[in-house]
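J.: Quick one: the structure is below, questions incoming.
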Amino acid sequence: MSNLKPIVIIPARMASTRLPGKPLADIAGLPMIAHVLKRAEEAAIGPVVVACAESEIKDAVEAAGGRAVLTDPNHPSGSDRIFEALQACDPDAQYDAIVNLQGDLPVLDPAVLRAAMKPLDDTEVDIATLVAAITWEEEKTNPNVVKAVVGFEEAADIGRALYFSRATVPHGDGPLYHHIGIYAYRRSALERFVRLSPGVLEQREKLEQLRALENGMRIDAARVDTVPFGVDTPADLERARQILGA
């Protein structure tokens, strides 16, 4: 097992093209961000902090008994937001691994979050993430479903990520993997990553993780059984209300 001391940071902002004000959307009497906070706490990886772009999110998190940090609303990405929050809440660098959890996964299985830490047991790995085998045929060609190119050795559930794409890759017979956008960074890797300029392939594919690969950083992926259900649309929100309301 790794000797790392992790902290979970959840970036959250009110702006959302398909579901504005998403973090504060009511689900079974609590704002969505409070449910995500609970799931992260249930994973028992380490302390949980919400990196908020707006004060109303911070107020909601604190009302739910959580810890929140107000960050610059103009950050270009979630990784920039979590880095600012990390510096604010841990200036003495007590935590040497950071789990970046999206704020729109209110029904997340805490075991999935724990799985994201496993690749960091290998000291050569800079960044860890998650994948699940694609089972729906239409997802294989859907550009909104990001594919991770990982050649898992037989019986292995952790493998090196060689590329990420919106295209249907790799070619040929065999499984395709849906990338799950939960990351665990070594602190040194996150510090390096946020200082890098956007990569050529990153800008072409619109996938931030390619910046790390383009700069020689190592990303390993742990394979899990299913893709966590994320809330992106009003229909997703209704489904989350049904699940958590039950």
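The values are calculated or read from the model by the stated rules, or taken from the named source; none is laboratory data. Quick caveat, the model's predicted, so the values are computed rather than measured. No Cβ is skipped: glycine too gets one built from the backbone with ideal geometry, and neighbour counts run over all protein chains shown.
J.: Would you point out the residue of segment 17-27, among those that are surrounded by 14 or more Cβ atoms within 10 Å (Cβ to Cβ) and either charged (D, E, K, R) or touching a residue at least 40 places away in the same chain (Cβ under 8 Å) (or both), that is nearest to Ala240 (Cα to Cα)?
T.: Ile27
J.: For residues that are farther than 15 Å from Asp104 by Cβ and crowded, with 21+ Cβ neighbours inside 10 Å, tally how many sit in segment 28-56.
T.: 4
J.: I'm trying to understand the selection: among the residues of segment 208-238, which are part of a loop (DSSP other than H, G, I, E, B) and either buried (at least 18 other Cβ atoms within 10 Å of the Cβ) or of a type in the set (S, T, N, Q) (or both)?
T.: Of everything in segment 208-238, those that are part of a loop (DSSP other than H, G, I, E, B) and either buried (at least 18 other Cβ atoms within 10 Å of the Cβ) or of a type in the set (S, T, N, Q) (or both) turn out to be Glu208, Asn215, Met217, Val224, Thr226, Val227, Pro228, Val231, Thr233.
J.: Does Arg195 satisfy being modelled with pLDDT of 95 or more and within 18 Å of the chain's Cα centre (by Cα)?
T.: Taking the combined requirement at face value, the residue does not satisfy it.
J.: Moving on to the next point. For segment 108-120, give me each residue that is in a helix (DSSP H, G or I) and over 14 Å from Arg160 (Cβ atoms).
T.: Pro110, Ala111, Val112, Leu113, Arg114, Ala115
J.: Across segment 157-177, which residue is farthest from Pro143 (Cα to Cα) among those that are in contact with an Asp or Glu (Cβ under 9 Å, 6 or more places away or on another chain) and among the charged types (D, E, K, R)?
T.: Arg160
J.: Of the numbered conditions (1) over 22 Å from Asp232 (Cβ atoms); (2) outside any loop (DSSP other than H, G, I, E, B); (3) out of contact with any helix residue (DSSP H, G or I) (no Cβ under 6 Å at 6 or more places or on another chain), Leu201 satisfies every one except a single condition; which is it?
T.: Result: Leu201 passes all but (3).
J.: Considering only residues that are over 19 Å from Asp104 (Cα atoms) and buried (at least 19 other Cβ atoms within 10 Å of the Cβ), look in segment 177-192 and name the one that is nearest to the chain's Cα centre (by Cα).
T.: Tyr185
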